[in-house]
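The values are calculated or read from the model by the stated rules, or taken from the named source; none is laboratory data. These numbers were taken from a predicted model, which means no experiment stands behind them. No Cβ is skipped: glycine too gets one built from the backbone with ideal geometry, and neighbour counts run over all protein chains shown.
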Amino acid sequence: MLAMWVNPIKYYSRKGAKIGENCRWYSKAVCTEPFLLEIGDHVHIGSGVQLITHDGALWVLREKLGRPGLDRFGKIVVGNNVFIGNNSILMPGVTIGNDCIIGAGSVVTKDVSSGMIAAGIPAKKIGTVDAFADRYLPDCFETKDMAEAMRRKMILEALP
């Protein structure tokens, strides 16, 4: 049996999601209300990321209150130039600003302001993208579109 891969950007766009240009979406997790998603330009959605637009915990209230149709929803808005690390979860109603990094495995329950790095459970501000650049740019390489052999040689020669 052949497994079929569906491009999530095309699929969710057809289902009503607003998704910008130059995005990468590696997650296979299902979003049940894609029409509640607004994703900006140049957004990386890592493997295993879940975008949850409804509150499943209402399962308990449906029974307790005798209201079987009870639901709660929230839009998820992601700005431009955002990296969402693998296995992160974005909860209903959150907005992530422009130029943000969400650390792998984070649970985002509140808005993240532009230029911030947030990580953890629940996700909290741990720094700024500017401070991240100051700290790590000296150790970075320009390897995009470099031949594999040259890339490997450059990295191995530079690292101890």
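Could you check segment 37-71 and list, in sequence order, the residues that are surrounded by 13 or more Cβ atoms within 10 Å (Cβ to Cβ) and β-branched (Val, Ile, Thr)?
First, pick out the residues of segment 37-71 that are surrounded by 13 or more Cβ atoms within 10 Å (Cβ to Cβ): 37-55, 58, 61-62, 70.
Within segment 37-71, Ile39, Val43, Ile45, Val49, Ile52, Thr53 qualify.
Hey, can you tell me all the residues within segment 101-144 that are loosely packed, with under 13 Cβ neighbours inside 10 Å and of a type in the set (Asp, Glu)?
Passing the criteria: Asp130, Asp134, Asp139, Glu142.
Just to check your reading of the model, which residue among Ala104, Ala131 is out of contact with any strand residue (DSSP E or B) (no Cβ under 7 Å at 6 or more places or on another chain), aliphatic (A, V, I, L, M) and closer than 27 Å to Trp5 by Cβ? Before the answer, list the steps.
Details: Ala131 fails: closer than 27 Å to Trp5 by Cβ.
Of the residues listed, the single one that is out of contact with any strand residue (DSSP E or B) (no Cβ under 7 Å at 6 or more places or on another chain), aliphatic (A, V, I, L, M) and closer than 27 Å to Trp5 by Cβ is Ala104.
When you check Lys18 against the structure, is it of a type in the set (Lys, Arg) and at pLDDT 95 or above, yes or no?
Numbers: of a type in the set (Lys, Arg): yes; at pLDDT 95 or above: yes.
Taking the combined requirement at face value, the residue satisfies it.
Within segment 32-45, identify whether any single residue is at pLDDT below 95 and in a loop (DSSP other than H, G, I, E, B), and answer yes or no. So that I can check it myself, show each step before the final result.
Going residue by residue through segment 32-45, those that are at pLDDT below 95 are 32.
Remaining after also requiring in a loop (DSSP other than H, G, I, E, B): 32.
Yes, the conditions are met somewhere in segment 32-45.
How many residues does segment 1-31 hold that are part of a loop (DSSP other than H, G, I, E, B) and of a type in the set (Lys, Arg)? Walk me through how you get there before you give the answer.
If we filter segment 1-31 for residues that are part of a loop (DSSP other than H, G, I, E, B), which is where we start, we get 1-7, 15-17, 20-23, 26-31.
Now restrict to residues that are of a type in the set (Lys, Arg): 15, 28.
The number of residues fulfilling the criteria is 2.
Out of all the residues in segment 16-31, which are of a type in the set (Val, Ile, Thr) and surrounded by 15 or more Cβ atoms within 10 Å (Cβ to Cβ)?
Kept after step one, since they are of a type in the set (Val, Ile, Thr), are these residues of segment 16-31: 19, 30.
Listed by number, the list holds a single entry, Ile19.
Taking the condition surrounded by 17 or more Cβ atoms within 10 Å (Cβ to Cβ) and over 20 Å from Tyr136 (Cβ atoms), does Pro34 pass? Step through it out loud before you land on a result.
Numbers: surrounded by 17 or more Cβ atoms within 10 Å (Cβ to Cβ): yes; over 20 Å from Tyr136 (Cβ atoms): yes.
Taking the combined requirement at face value, the residue satisfies it.
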